[in-house]
Amino acid sequence: MPDPLVVLDHVSVRFGPTPILSSVDLRVEAGQVVGVAGPNGIGKTTLLGVVATLVPISSGKGSVLGATLGTQDARGVRSRIGWSGHDPALYDQLTLRENLHLIADLAALDRATADEALERVGLTAAGHRRSADASNGMRRRTDLASLLMRRPDLVLLDEAHAGLDSEADTIIDALVKVTTRKGGGVIMVSHDAERLRDETDVVIALDRAT
Amino acid sequence: MTQFWRQALAIVKRDLIVEGRSRETLAVVLPFAAAAVFVVPFATDALEARLSTIAYPVYWLVALLFGMQVALRQTGVESQAQRRQLSLLGVDPVARFAGRVIAGSALVLLVLAVTAPLIFLFYNPEAIPRPWTMAGVLVLFALGIAMLSTLAGDVTTGLAARTTLASLLVVPVSVPLLLGAAQTLESLIRGRTTLPWVLTLVITDLVLAVTGVLTARSLEESNT
């Protein structure tokens, strides 16, 4: 059996004196989709930040894609992690296509991969639009296209369904399938526990006591 | 081309396209820089001899203050989500620093290039004997200002008083750059050796470059 992709064992995060996460356990196996539910402000995005190795933990231990959190190795696995959230990381002055080309250039991918990804999310015709002039749905789809293009081993979706139409939901489904089929994992966080139960293999709930 | 330079050039292209289309920085800073050059003569008795004497000091002052503003504003181009994305794309923090510095230097050079003819037009200064040497000095000056501003921008990212604090950090450290550039020009005009002052610029740039390289990773960690 392959090693789990993510293991968090009693992980806590504090920002100064403020506790953000307290003693969280999380395990993501290869091919698994894990949901994290909880109300706004409970620390779901911070938890994704921990898994992305971007937020340092205050106590506990964990590993992501085989790298122990808090070590230099953890930096090395970042390029195998993809993140899509309600705030797409697009540059307003670049067109949707240019945003994907930039990601392709930075990630050493062929620009043709970016054009294919744009086509897969149905934005080929709108690719010339500046991100600032595109609808939120188009921006979100472009963000998802960047993950389809990069094919990361671990996909983190932060309230990914919020504000998306049903067509865009199918893009998320496709992304989840592509990732899990190759033995990767997906973590979806949402305040909508009902939806998570439908779309994930396991749901953990964060609450104030967590 | 190595991955490092591919990433650095992608950042340069990003920053220049963003600035070229938004014109947020240059449209705000350039008119004020030009206005500053234009109004200083009204604050003196406007004698031609007096204007000629203060021409280059005015130029360097305008170059420092407005160049710094251009470079500082340009460092704020990335949102937190974008910084996070760069980390997850595996972008080398040093390549990111290099890319932002090159783009910032290009914008500072534009400020220097636009204000220089105005100085000649309004102040009638002494001619510069070796203009190509001076062009090299301007590049070193612009690089230094861009590196300093990029570092200050990173150190103050996320702080409420970012703009004020970053300016306060940049001004004192820019003294060797200002001194090096101004004294090189003075030495050129007076026919003296420029070597000590060019070296001052080169060494300052090197110190800033080494500082940028050594701190790039930890600054990125603290800003994502």
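The values are calculated or read from the model by the stated rules, or taken from the named source; none is laboratory data. Since this is a predicted model, take the numbers as computed values, not measurements. Counting neighbours? That spans all protein chains shown, and the Cβs are built from the backbone with ideal geometry, glycine included.
Taken together, the residues in the range A:102-127 that are in contact with a strand residue (DSSP E or B) (Cβ under 9 Å, 6 or more places away or on another chain) and either at pLDDT 95 or above or within 9 Å of another protein chain (Cβ to nearest Cβ) (or both) amount to 0. The set of residues in the range B:1-22 being more than 8 Å from chain A (Cβ to nearest Cβ) and farther than 15 Å from residue A:98 by Cα consists of B:1, B:2, B:4, B:5, B:8.
When the test is whether a residue is surrounded by fewer than 16 Cβ atoms within 10 Å (Cβ to Cβ) and either out of contact with any strand residue (DSSP E or B) (no Cβ under 9 Å at 6 or more places or on another chain) or assigned to a helix (DSSP H, G or I) (or both), residue B:73 does not pass it.
The set of residues in the range A:186-210 that are within 25 Å of residue A:80 (Cβ to Cβ) and either out of contact with any helix residue (DSSP H, G or I) (no Cβ under 7 Å at 6 or more places or on another chain) or of a type in the set (Val, Ile, Thr) (or both) comprises A:186, A:187, A:189, A:196, A:199, A:200, A:201, A:202, A:203, A:204.
Take the conditions part of a helix (DSSP H, G or I), within 30 Å of residue A:45 (Cβ to Cβ) and among the polar types (S, T, N, Q) and apply them to residue B:115. Does it pass? Steps first, answer last, please.
Numbers: part of a helix (DSSP H, G or I): yes; within 30 Å of residue A:45 (Cβ to Cβ): no; among the polar types (S, T, N, Q): yes.
It is false that residue B:115 is part of a helix (DSSP H, G or I), within 30 Å of residue A:45 (Cβ to Cβ) and among the polar types (S, T, N, Q).
Could you check, for the range B:155-167, whether at least one of its residues is among the polar types (S, T, N, Q) and either buried (at least 24 other Cβ atoms within 10 Å of the Cβ) or touching a helix residue (DSSP H, G or I) at 6+ places or on another chain (Cβ under 6 Å) (or both)? Yes, the range B:155-167 contains at least one residue that is among the polar types (S, T, N, Q) and either buried (at least 24 other Cβ atoms within 10 Å of the Cβ) or touching a helix residue (DSSP H, G or I) at 6+ places or on another chain (Cβ under 6 Å) (or both). In the range B:170-181, of all residues being crowded, with 16+ Cβ neighbours inside 10 Å and under 11 Å from residue B:68 (Cα atoms), the one that is modelled with the highest pLDDT corresponds to B:174.
The residue that is farthest from residue A:31 (Cα to Cα), among those in the range A:152-164 that are assigned to a loop (DSSP other than H, G, I, E, B) and at pLDDT 95 or above, is A:152. Go through the residues of the range A:90-100 one by one and say whether even a single one is within 11 Å of another protein chain (Cβ to nearest Cβ), under 16 Å from residue B:88 (Cβ atoms), of a type in the set (Asp, Glu) and assigned to a helix (DSSP H, G or I). Checked the range A:90-100: no residue is within 11 Å of another protein chain (Cβ to nearest Cβ), under 16 Å from residue B:88 (Cβ atoms), of a type in the set (Asp, Glu) and assigned to a helix (DSSP H, G or I). Of the residues in the range A:56-75, at least one is at the interface with another protein chain (Cβ under 9 Å from one of its Cβ atoms) and of a type outside the set (Ser, Thr, Tyr).
To keep it simple, each residue is scored yes or no on (1) in contact (Cβ under 8 Å) with a residue 40 or more places away in the chain; (2) assigned to a loop (DSSP other than H, G, I, E, B); (3) of a type in the set (A, V, I, L, M).
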{"position": "B:121", "(1), (2), (3)": "no, no, yes"}
{"position": "B:139", "(1), (2), (3)": "no, no, yes"}
{"position": "B:145", "(1), (2), (3)": "yes, no, yes"}
{"position": "B:149", "(1), (2), (3)": "yes, no, no"}
{"position": "B:189", "(1), (2), (3)": "yes, no, yes"}
